[in-house]
Amino acid sequence: MTSTDQTDGRDLLDHVLLPVANETDALATARALEPYRPERVTALHVVEKGDGVPDKTPVEQSEELATESYAAVRTVFPDAADHTAYARDVVGAIFDAVDEVGASAVAYRPREGNRLTQFLSGDLSVKLVTNATVPVIALPREGSSE
């Protein structure tokens, strides 16, 4: 499968940015991406910062989650690079990381959640696909027939 991004002539799967939340998510997301055989993968973990309010988790704990996530991605893509971002706006951090690592696309697995949860969280998936500056690939969830 070779799709070309029309904006710069790069192969869509030349350098895929793979946002991951934790070890389980990272492994499932990497496995979902694997059949598409990207040339290069950079795993991204965003440590959510509070901006004047307490952080959701201590930074050290979040950095440990990132390390575990990167290790899980490397079980599927041994040469995967990693990138850790610190931000309150997760989607903004993903877009910043696209520029920082020179990604050709973002691949992600939509997270579980009912419509109310999605509404209250501002539905990160909607923000990701509607505000993107590079192609965004929504990977299928395991066992999904959708």
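The values are calculated or read from the model by the stated rules, or taken from the named source; none is laboratory data. Only a predicted model underlies this, so the values are computations on that prediction, with no experimental measurement involved. Counting neighbours? That spans all protein chains shown, and the Cβs are built from the backbone with ideal geometry, glycine included.
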Task: Selection from region 98-108 of residues that are touching a Pro at 6+ places or on another chain (Cβ under 8 Å) and either assigned to a helix (DSSP H, G or I) or over 13 Å from residue 43 (Cα atoms) (or both) - done: 104
Open item on the list: Name the residue that is surrounded by the most Cβ atoms within 10 Å (Cβ to Cβ), counting only residues in region 64-114 that are of a type in the set (Val, Ile, Thr) and under 12 Å from the mean Cα position of the chain (by Cα).
Closed with: 73
TODO: Assess whether residue 99 counts as being at pLDDT below 90 and either more than 15 Å from residue 21 (Cα to Cα) or among the basic types (Lys, Arg) (or both).
DONE: no
Open item on the list: Considering only residues that are part of a strand (DSSP E or B) and closer than 16 Å to residue 78 by Cβ, which ones fall in region 7-43?
Closed with: 16, 18, 41, 42, 43
